[in-house]
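Every read-out reported here was derived from the displayed coordinates using simple, explicitly stated rules and does not represent laboratory data. Remember, it's a predicted structure, so these values are computed and weren't measured experimentally. Positions of Cβ are backbone-derived with ideal geometry, glycine not excepted, and every protein chain shown enters the neighbour counts.
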Amino acid sequence: MNLRLRLVLEWLLIGSVASILVIFALSWRGIDDFDNSIYDQLSAAGRPQADDDILIVAIDDRSLAEIGKWPWPRDVHAELFEKLKRLQPRTVAFDILISEPSGNEEPDNALGAAIAGAPPVFVPLHFIFPGTDGRPYETEPPIRQLAENAAGIGQVNLSDRDEVIRRIELCFDPGNGDAQWPHLMELQFRAAAAQESSPAFGRTKCGEDLILPYAERDSFATISYADLLRSQVPDGLVRNRDVIIGATAAGMGDSHPVPFASGGLMPGVEIMANMLSTLKSDSFIRPVGGWQKIALSILPIWLLMLAFLYFPPRLALISSVAFLLLVLASSAIALAWKIWIPPAGALLGILLVYPLWGWRRLQAMSDFMENEVKQLQKEGEIGPLLNSGSPAGDIVGRQSAALGTAIDQIRDLRRFVSDVLSDLPDPMAVADNEGVVILSNDLVEQRFGESVDGMQIDEVIDAVVVPSQRKAVREHVKVTATVVPQNNEAENYIRFNSVDGRTFVMRRSPVINDKERHLGDIYYLADISALASAEAQREEVLQLLSHDMRAPQSAIIASLDGKLNKSARKRIEQNARRTMRLAQDFVDMARMTETEFAGEDILFADLVRDVADSLWPLAEERKLKIEVVDRSDSAFVLAEAEALSRAIGNLVDNAIKFSPQDSQITMTLRRIVINKSNHISLTISDEGGGIDPQILPRLFTKFASSDREQRRAKGTGLGLAFVETVATRHSGSVRAENRKGGGADFVLLLPEAEEG
Amino acid sequence: MRVAIADDEIDVTQFLAKIVEEQGHVAVTFSDGSLLTQALVRDTFDLVILDWMMPGKDGLETLKWMSETLTDAPPVIMMTNRTAKQDITDALNAGADDYITKPEDRGVIAARINAILRRTTSTGAFETKASYGKYELDRIEQTVTMDGKTVSLTAKEFELADLFFRNRDRTLSRNYIMETIWRTTASLATRTLDMHISRVRSKLTLKPENGFRIFTVFGYGYRLETIDKG
């Protein structure tokens, strides 16, 4: 499978699995417990201040001891309320449920009368779950006298799922469309603050949980019931305070577990006080629940998964821990803003995701290594690997070792390939899609003088190809680069001459990877200079046969047509000899390219005279005089006598051809010193019309022989090319120039042979 | 005199036979080497002109056969299409007396044939004075006059000139010249001969205008050719 696709799929899978696990976990009790304990820890860090206006009247152990066993007669309560009236509290909550009428009406009526009027007294109502006779609940209302005279009746349900009182409901909704009951403290608050309802009550739906932040234990002002009954309290202590009367005595059973680190129970009345205090400061904590809780629990999972995608593996653990801390910190910060985000789900998710991801990545890595190694072995790129008894123990270790070996082998292979490349007999370069050379062998560098890697292929072309062909080669590269070639051999190569005078065929073959993508091109240069010169020679042979040989032969045939008088015979003879000389020139030239130079010691002036003498009949014919001026001081040259004679003969023959009648051809020999070594120069001067300046630069060029103009000027195609070949072979040179006074000078220069 | 001509080309044998007959000799032609060798066993010839390339027995084989079989072999002139130096020296070293490269001017061929026949029939008589065209040699005074003017030569130069004129139209090997003039071949610097010949050549202005030319057979020797001004 595609590695990338696999990555994406596994990523999604791990995120989803973790998310689903977390969603399920959110309904587990354990998660709640964990959340609660985190909450307890966090909330212990910042507890609210107890409200100073709240006064608890505690039915404590001392009160029981002084007043008597519980339940107390109702007139005791009536008496207390009478006393309270005089002390003028703002509100009173009587957290004692008196639901059954006593035997006679008198004390009940007295109590009812005592709570009537100012200050407002609020009494509780209990719910009993489940109710009798299949009802879901039953209410346990206060006795009629209390109910009629109280400022309000509020419910006092205290329950939490883990039996620790963290959450309260400001409003109880029994369901079934029954009446909703506000909490006793909500009623007291409304009275104390003279408001329709508390802000918290207004914000929340009925039945919605709010978390109650607790002030420190025993931080509410408290007086004993007995002390109040006996008026043993200072004046003004009660005035304008919100009084809550409730049991604190251990034996009375109205104590509940509270979320304090120290654990323990708290009397219901203190819990009520905390509620009232919180209502007053409007600092209930709103727990995030439902889908918001799910979303907030899952969000960190996906954020962490995203981080896994972009961070390197070594940061995975760090980022996981960071996310854990971040989630906790977020919860703490939210708590300061009175919102409780339970972090346990998110924490669980993070703790799940890290090992899952690590596991899948390790598995993916392991699979990948195994596949790659197998693939490499299948393709025959590397030898057997896994049986090498690798020291690393576990499977991943062994796979790593195998992959390591494979990489070593591939490195060797690469080195081998690059060695092969650099030892290729012809220059070669590889360019990428942009035309930048990314690889080239040593020969390119040698030819170029520097590495071409990183250069544009066009730049390389400009530096190598002769100017006249650059455009064509660039066009060729451009055209074949844009069109991915269809293995059409003929279109994939171009022939050009290099600036250093060689001939190349550049073949281009595209590099296509196994996914059919065009990666670049290989430019392979074959040096076909030898082939090209063979071609030129063949061209020369054809030239010789088609023109040079034919011309004199046609002349002979033409001469035979007329009367065979003496001059006709002469012409025939001359043309036949010319044909022979051509053939001989040609054979000699061919021989010279094949054989080593083997010169003998020759008196140059002798050789020159021989040549002059041999051409005397030809000169005589045209009334020409050949004068040899010898200033060579009996110099010898190392020469292949026949070839040199023929070469000089060609020059003289040429001079004869272009000399007017009755003129003179002078052959001057001089001994001259060039670069401290002796040379012999032979100047052949005629009195003809000179050489066409246009032809002069190319006079001796062998391969320009197809030029018709030049052909006519030279008369015999090979003649002067032969001269140059011979001169070069003798380590000499030949040049031609026009004299100022008219006529041409051909100068042959040869090194002198020292005696011995 | 009887001259045997062996060549497989009928045009060439007829051409040569005509030259030979014009010089007042008898020409007998053969179309290959084996026919010639059969004839040589029972017939006597004063000169053999051999073609290099022939069917049956080629020129060089025939030449070898002659030097190995015949007790008094006639002189041989080899004819060759090739001007390659090696072929010429091979032929001369194998015992040929001279060579002719085809195609050659008829006058030159006649001169060569006469030169060989002249040597073989020479009486060896010592003439004190001899005249060759413009040149007159006085062997007592050891002087050469050209158009009546005396050309001053050293003793060795005179000997060289004399040797060439006597053997005009014959190819002389360097060894032969050195043995004849210096009576040695060993201790003589090779360039000495070349320089002497060059000097004789320019002092006597031996060039075609004056009826003679010196022809260098590179790698073998020299020949003084008479120029047929026809």
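From the C-alpha gyration tensor of the range A:597-751, pull out the three semi-axes of the equivalent ellipsoid (sqrt of 5λ each), sorted largest to smallest, in whole Å.
23, 19, 15
Any idea which of A:351, A:221, A:50 is furthest toward the positive side of the dipole for chain A, if Lys and Arg beta-carbons carry +1 and Asp and Glu beta-carbons -1?
A:351
Tally Lys and Arg at +1 and Asp and Glu at -1 over the other residues with C-beta under 11 Å from the C-beta of residue A:47: what net charge comes out?
Taking every Cβ under 11 Å from that of residue A:47, the sum is 0.
Using modelled amide H (1.01 Å from N, peptide plane; none on Pro or chain starts), what sits under 5 Å from the amide H of residue B:51, excluding residues fewer than 5 places away?
Correct list: B:6, B:79.
In the neighborhood of residue B:97, defined by Cβ-to-Cβ distances under 11 Å, what is the net charge if each Lys or Arg adds +1 and each Asp or Glu adds -1? Display every interim value, and only then the final one.
On the way: positive: B:112, B:119, B:170; negative: B:98.
Its environment carries a net charge of +2.
Please find the FRET efficiency linking residue B:119 to residue B:61, where r is the Cβ-Cβ separation and R0 is fixed at 25 Å, and quote it to the nearest 0.05.
Approximately 0.50, to the nearest 0.05.
For the range A:208-298, with only Lys/Arg (+1) and Asp/Glu (-1) charged at the beta-carbon, what is the dipole magnitude about the Cα centre, in debye rounded to 20? Write down the numbers at each step before the final one.
Details: 7 positive and 10 negative charges, 21 e Å.
In debye, rounded to 20, the range A:208-298 gives about 100.
Could you pull out every residue, at least 5 positions away or on a different chain, whose amide H is within less than 5 Å of the one on residue B:28? Hs are placed 1.01 Å off N in the peptide plane, and Pro or chain starts have none.
The answer is B:3, B:4, B:5.
Please compute, over every Cα-Cα pair in the range A:282-345, the percentage with a separation greater than 17 angstrom.
Cα-Cα pairs of the range A:282-345 separated by over 17 Å account for 46 percent.
What residue among A:258, A:97, A:326 has its Cα farthest toward the positive end of the dipole of chain A, where the charges are +1 on Lys, Arg and -1 on Asp, Glu, each on the Cβ?
It is A:326.
Which of the GluC sites (Glu not before Pro) found in the range A:563-662 are loop residues per DSSP with 13 or fewer other Cβ atoms within 10 Å of their Cβ?
Numbers: sites: A:573, A:594, A:596, A:600, A:620, A:621, A:627, A:640, A:642; in loops: A:596, A:640.
Those that pass, being in a loop and sparsely packed, are A:596.
Rg/Rh for chain B to two decimals, with Rh computed the Kirkwood way over all alpha-carbon pairs.
Ratio value, two decimals: 0.98.
What is the average number of partner chain Cβ atoms found within 10 Å of a Cβ in A:608-619?
So the per-residue partner count for this stretch is 4.
Give me, ordered by chain and number, the residues 5 or more places off residue A:628 or on other chains with an amide H under 5 Å from its own placed amide H.
Long-range HN contacts for residue A:628: A:667.
Which whole-number value in Å³ per residue fits the convex hull of the alpha carbons of chain A?
355 Å³
Can you tell me the relative contact order of chain A? Whole percent, Cα pairs under 8 Å, sequence separation 6 or more. Before the final figure, lay out the partial values.
On the way: 1155 pairs, mean separation 64.5, N = 756.
Value for chain A: 9 percent.
Per residue, how big is the convex hull of the range A:140-247 when only Cα atoms are used? Give it in Å³.
Cα-based convex hull of the range A:140-247, divided per residue, equals 161 Å³.
Between the range A:52-81 and the range A:565-637, how far is it from one alpha carbon centroid to the other, in angstrom?
Cα centroid to Cα centroid, the span is 157 Å.
Restricting to Cα atoms and excluding each atom paired with itself, what does the Kirkwood estimate give for the range B:129-226 in Å?
On the way: mean 1/r = 0.0740 Å⁻¹.
It works out to 13.5 Å.
If I model the range A:569-646 as equal point scatterers sitting on the Cα atoms and use the Debye formula, what is log10 I(q)/I(0) at q = 0.21, 0.25 Å⁻¹?
-1.07, -1.17
About the Cα centre of the range A:140-273, how large is the charge dipole given +1 on each Lys and Arg Cβ and -1 on each Asp and Glu Cβ? Please answer in debye to the nearest 20.
The dipole magnitude comes to about 260 debye.
Round to the nearest 0.05 the FRET efficiency obtained for residue A:173 and residue A:105 when R0 = 30 Å and r is the Cβ-Cβ distance. Walk me through the intermediate numbers first.
Numbers: r = 35 Å, r/R0 = 1.15.
About 0.30, to the nearest 0.05.
Quickly rank A:665-677, A:294-306, A:316-328, A:266-278 as a protection proxy: mean count of other C-beta atoms within 10 Å, highest first.
Those peptides, ordered most packed to least, come out A:266-278, A:294-306, A:316-328, A:665-677.
Any idea what log10 I(q)/I(0) is at q = 0.15, 0.19, 0.25 Å⁻¹ for the range A:424-527, Debye with uniform C-alpha scatterers and no solvent?
Debye output, listed in q order: -0.56, -0.92, -1.63.
In debye to the nearest 20, how big a dipole does the protein assembly as shown give about its Cα centre with +1 on each Lys and Arg Cβ and -1 on each Asp and Glu Cβ? Please list the in-between numbers first.
Values: 108 positive and 138 negative charges, 907 e Å.
I would put it at about 4360 debye.
Per-residue HN-Hα couplings for the range A:425-442, Karplus 6.51 cos²θ - 1.76 cosθ + 1.60 at θ = phi - 60°, whole Hz, x for Gly and Pro?
The phi angles translate into x, 10, x, 8, 9, 10, 10, 8, 4, 7, x, 9, 6, 10, 7, 7, 9, 4 Hz.
How charged is the neighbourhood of residue B:166? Take every other residue with its Cβ under 12 Å from the Cβ of residue B:166, and add Lys/Arg as +1 and Asp/Glu as -1.
Counting the neighbours of residue B:166, the net charge comes to +1.
Among A:338-348, A:554-564, A:462-472, how do they line up by average Cβ neighbours within 10 Å per residue, starting with the highest?
A:338-348, A:462-472, A:554-564
Restricting to the protein assembly as shown, what percent of DSSP beta bridges are antiparallel, rounded to 5?
For the protein assembly as shown, the DSSP antiparallel bridge percentage is about 65.
Under the definition of partner shielding as Cβ atoms of other protein chains within 10 Å of a residue Cβ, what is the mean value for peptide B:219-226?
Details: counts 4, 0, 0, 2, 0, 0, 2, 0.
Counting Cβ atoms of other protein chains within 10 Å of each residue's Cβ and averaging gives 1.
What distance in nm lies between label points placed 7 Å from Cα along the C-beta direction at residue B:72 and residue A:558?
Going by the 7 Å Cα→Cβ label model, 5.7 nm.
Starting from the 7 Å offset along Cα-to-Cβ, what nm value, one decimal, do you get for the label separation of residue A:517 and residue A:10?
Distance between label points: 2.2 nm.
Return the percentage of antiparallel bridges among DSSP beta bridges fully within chain B, rounded to the nearest 5 %.
55 percent
For a footprinting-style exposure proxy, rank B:198, A:281 by other Cβ within 10 Å, fewest first.
Ascending Cβ contact count within 10 Å gives the list A:281, B:198.
For the range A:670-702 and the range A:181-245, compute the distance between their C-alpha centroids and round to whole Å.
Using only Cα atoms to place each centre, the spacing works out to 132 Å.
Using 0.36 nm per residue, how much length does the chain from residue A:420 to residue A:232 gain when fully extended, once their Cα-Cα distance is taken away?
Additional length available on full extension: 56.5 nm.
Once Lys and Arg get +1 and Asp and Glu get -1 on their Cβ, which of B:172, B:144, B:154 lies farthest toward the positive end of the dipole of the range B:129-226?
Final value for the positive-end residue is B:172.
Quick one: Karplus J couplings for the range B:145-158, per residue in order, coefficients 6.51, -1.76, 1.60, θ = phi - 60°, nearest Hz, x for Gly and Pro?
Taking θ as phi minus 60°, the curve returns 10, 10, 6, x, 9, 7, 9, 7, 10, 6, 4, 5, 5, 5 Hz for the range B:145-158.
Calculate, in whole percent, how much of the Cα-Cα pair population of the range B:2-121 lies beyond 20 Å.
33 percent
Which distance in nm do the two modelled labels at residue B:39 and residue A:657 give, with both placed 7 Å along the Cα-to-Cβ direction?
Result: 4.2 nm between the two label points.
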